[in-house]
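This report refers to the structure that appears directly beneath it.
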Amino acid sequence: MMIFDIQLADELSAIAHLPVQEISDMLEIPPDRQLGDRAFPCFKLAKTMRKNPQLIAQEIADHIKKPNFIERIETKGAYVNFFFNRAVFAQTVLEDILNKGERYGSSDKGNGSVICIDFSAPNIAKPFHIGHLRSTVIGNSLYKIYEFLGYKCIGINHLGDWGTQFGKLITAYKHWGIKDDLEKEPIRALLDIYVKFHDEAEKDPSLEDEARMWFKRMEDGDEEALSLWRWFKDLSLREFNKIYDMLGVKFDYYTGESFYNDKMDRVVELLQEKGLLTESQGALVVDLSQYDMPPCMIKKTDGTTLYATRDITAAIYRKETFDFDKCLYVVAYQQDLHFRQLFKVIELMGFDWYDKLFHVPFGMVSMEEGTLSTRKGRVVFLEDVLQKAVDRTLDIIKEKNPGLENKEDVAKQVGIGAVVFHDLINNRIKDIVFSWDQVLNFDGETGPYVQYAHARAMSILAKATQTITGEMGGDLLTEDETLELIDLLARFPEAIEAACQANEPSIVARHTIDIAQAFNKFYKNHMVIVEDDELQRARLTLVYATAQVIRIGLGLLGIQAPAKM
Ligand code: ARG
């Protein structure tokens, strides 16, 4: 909560005899500034204070100790309405932003406690598709948000680099693979032979046995199998890294599923010791029927391990290695059952930190029909999507701003930023439809819209004839639109905290859009480069602060903010 709201909540708490937290949850921002800048509804107090809410409102208005930034208090029905002293408010907020600079909104609340964030995790030898993009951008943003609030983050890419599919790939490669293709366009070639495997296996089921045999050889440490697997993995990683570079995403560890190969025996033994393993048709499982869940498979009939086996092992390894306070799994909601099973098994094993594991689910992305060429089959390649966003943006820039320098760089920042923003603006659990018109619309609730507001602010600053001195001239920043903007800037830190609490980057995205919209409204109504030096300086300060805050907001989403576009 911002400092003013805290002060106000303190005073209200003293008079209404409710805890500050409860009070601040009750404080509202009236839909219309004519009604006040904050409103406090008294309905809830009727019970404890045994009076009708209107009377309570009056009593509070008469007796509250008025904080210095409040100019006037009125009541309307059961509401106490507070009006800011706009000059004090503007002055204080802008001073704070100028002082903190690019750290505005940060804190040391996290106190260095460790947050593991398991995100992205594409599957080797398969395309990095638009669904993995969501995990990547949400995880990346959470990483930045937690870090900004003083946590120590550990970003883990739990690559899908182990499992029966590699047995299939090796089989396919042995039968039909061509080395040249693989080196040139590895993911596409790998996908092709993978698809071919499935087609052929329908006709000839013995291919499945062959595939199982190869995976078994991998798990048994067979050098031929492993060197093919390693080659597939290297090729895939090279491709994935191109995408991570485009997005500007980094990981602290690329410990994929295969990393746990030599660590699983111990875990299976532990499960055995705890008496959690039962045999079911030759396979080893943890029975979870008591908890209304299907059994969690630990080992298949042929003794090979599974996704769940590796996730149990990974959780224990991470706890022992990093001693995390939280471990987040940014994974599509389809895997909800998997994570409930995982967390339950960890609990049953007697680890008291099972409640520090969190699945951070997100909805599906589908493509609007006809937006992409699907000549490659039904799979949408992320690299194509990003490249197309950049190309289209470049076309728009050439049309709108032909004189711009570094058009290509800006097109990258804007095009990719647009895709990322589109992924983050909605509540993450919502399914989204990817539509080009929406993604690149410069007037909608989009990345380009926010970036454009920032670039506009930067260009105003570049045209200024005054310099910002730190003398805000708060008394010159009191119009309605101006106050609206300043209030949003003031509440920005609280949006970051809320985003962290709910693991929901969309809260930051939403707030950043709101600031961009309020800024455009301010700018439409008030000239900044005016003759009056003091007025120009005051408005410039606000423009400067706004650009600063938008930049921080975009940064927390993993999006760049070009100064010109
Ligand atoms: N590779 C998996 C997939 O694409 C996601 C892995 C998520 N992380 C985890 N620890 N299970 O579906």
Alpha-carbon spread of the stretch 79-161, three principal axes, descending order, Å
61, 29, 28
Could you list which residues have their amide H under 5 Å from that of L288, counting only those 5 or more apart in sequence or on another chain, with H placed in the peptide plane?
C296
If amide H atoms are built 1.01 Å from N in the plane of the peptide, which residues on other chains or at least 5 residues away come under 5 Å of the amide H of V365?
I432
Computed P(r) (all Cα pairs; the chain; 20 Å bins; percent)
18, 43, 29, 10, 0
Cross-link reach from K274 to lysines, straight Cα distance under 22 Å and at least 8 residues apart if same chain, gives K263, K299, K300, K319, K344, K356
For the stretch 204-283, which trypsin sites (Lys or Arg not before Pro) are both in a DSSP coil and crowded by at most 11 other Cβ atoms within 10 Å?
K250
Segment I529-T467, extension gain: residue separation times 0.36 nm, minus the distance between their alpha carbons
21.2 nm
Here the cysteines of the chain without any disulfide-compatible Cβ partner under 4.7 Å are C42, C153, C296, C500
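What number results when the radius of gyration of the stretch 383-557, computed over Cα atoms, is divided by 2.2 N^0.38 Å?
Relative to the rule-of-thumb radius for its length, the stretch 383-557 sits at 1.09.
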What are the residues whose amide H is under 5 Å from the amide H of V80, where those residues sit 5 or more places off or on another chain and H is modelled from the backbone?
F40, C42
Using the basic label-point model (7 angstrom from Cα toward the beta carbon), what is the L35 to Q7 distance in nanometres?
2.5
Within the P(r) computed for the stretch 3-84, what percentage of the Cα pairs occupies the region above 15 Å?
50
At least 30 Å along the helix axis (C-alpha) and Kyte average at least -0.5, DSSP helices within the chain:
223-247, 533-557
State the extension gain, in nm to one decimal, for the chain segment bounded by F442 and E200, taking 0.36 nm per residue of separation less the distance between their alpha-carbons.
82.4 nm
When a/c reaches 1.5 or more, the comparison of a/b and b/c decides; with that in mind, is the stretch 164-230 rounded, prolate or oblate per its Cα gyration tensor?
oblate
Suppose only helical runs count, i.e. DSSP H with n ≥ 4. What mean residue ellipticity at 222 nm does that imply for the chain under -39500 (n - 2.57) per run, divided by all residues and rounded to the nearest 500 deg cm²/dmol?
-18000 deg cm²/dmol
Can you pull out the trypsin sites (Lys or Arg not before Pro) in the stretch 294-362 that DSSP calls coil and that have at most 12 other Cβ atoms within 10 Å?
none
Anchor K196: aspartates and glutamates whose Cα lies under 14 Å away (excluding residues fewer than 8 positions away in-chain):
D204, E208
With a 10 Å radius around each residue's Cβ, average the other Cβ atoms per peptide and rank 527-536, 129-138, 38-47, highest first.
129-138, 38-47, 527-536
Could you sort the peptides 199-210, 511-522 by per-residue average Cβ neighbour count (10 Å cutoff), highest mean leading?
511-522, 199-210
Output ³J(HN,Hα) for the stretch 115-126: one whole-Hz value per residue in order, computed from phi by the Karplus curve 6.51 cos²θ - 1.76 cosθ + 1.60 with θ = phi - 60°, and x for Gly and Pro.
10, 8, 10, 8, 9, 6, 6, x, 9, 4, 6, 10
Net charge of neighbours whose Cβ lies under 11 Å from the Cβ of T546, counting Lys and Arg as +1 and Asp and Glu as -1:
+3
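What shape does the stretch 272-333 take by its C-alpha gyration tensor, where a ≥ b ≥ c are the square roots of the eigenvalues and a/c under 1.5 counts as rounded, a/b above b/c as prolate, and the rest as oblate?
Verdict is prolate for the stretch 272-333.
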Roughly what would the spin-label model give for E185 and D325, points 7 Å off Cα along C-beta, in nm?
4.8
Counting DSSP beta bridges with both ends in the chain, the antiparallel % (nearest 5):
55
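Rule-based calculations on the coordinates, nothing more; no lab input. Please read all numbers here as calculations on a predicted model, not as lab measurements. Because the Cβ atoms are built from the backbone with ideal geometry, glycine has one as well, and the counts that use them run over all protein chains shown.
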